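The values are calculated or read from the model by the stated rules, or taken from the named source; none is laboratory data. Everything numeric in this text was worked out from a predicted model, so none of it was measured. Using ideal geometry, Cβ is built from the backbone for each residue, glycine included, and neighbour counts are taken over all protein chains shown.
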Amino acid sequence: MIKDFPSTDSHILIKEFPFVHSSSAFELYDLLPYVDCVVTYESTVGLEAMLSNKSVFILDSELPSYVSYYNDLDDLVQKNPQKLAEMIINYFSNPNWARYVKEKRESFLSYAYFDKALSGERLKKLIDRLIS
């Protein structure tokens, strides 16, 4: 499945491979329960997938908006799509590698998303801190 942007044409892979389908008619949160892992460019999709306990691989395309947010994932961020594909195949065939990917996700989340309180609670704390 490829999550197309609603305002763009279908991804080239959808046209090239009959087993690849667009998911543009679905919301991300409707798709995540049905995927085994997520491959994305640097976007919030990666973080949202990790928060849903999905393994994530990042294709670093150095878009103008690239901010190195995912660099702590180390080798799970790749510039070379061929190497990224090999890593994903390894993820599904090597339990040790799958365990490593899971540990990287957990480590990243403990650093990047350390406050697991509900957003309303975090907002209340921020407002209280600002007015105190």
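Quick look at the values:
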| item | result |
| --- | --- |
| Sole exception among (1) on the phi > 0 side of the Ramachandran plot; (2) assigned to a loop (DSSP other than H, G, I, E, B) for SER61, by number | (1) |
| Hits in segment 1-58 (condition: more than 10 Å from the chain's Cα centre (by Cα), under 23 Å from TRP97 (Cβ atoms) and charged (D, E, K, R)) | ASP36 |
| Residue match in segment 49-60 (condition: loosely packed, with under 13 Cβ neighbours inside 10 Å, of a type in the set (Ser, Thr, Tyr), out of contact with any strand residue (DSSP E or B) (no Cβ under 8 Å at 6 or more places or on another chain) and closer than 23 Å to ILE2 by Cα) | no |
| In segment 75-127, residue surrounded by the most Cβ atoms within 10 Å (Cβ to Cβ) [restricted to those that are among the β-branched types (Val, Ile, Thr) and modelled with pLDDT of 95 or more] | VAL101 |
| Subset of segment 88-132 (residues that are of a type in the set (A, V, I, L, M, F, W, C), touching an Asp or Glu at 6+ places or on another chain (Cβ under 9 Å) and within 21 Å of TYR69 (Cα to Cα)) | PHE108, ALA112 |
| Residue in segment 13-32 that is in a loop (DSSP other than H, G, I, E, B), charged (D, E, K, R) and under 24 Å from ASN90 (Cβ atoms) present | no |
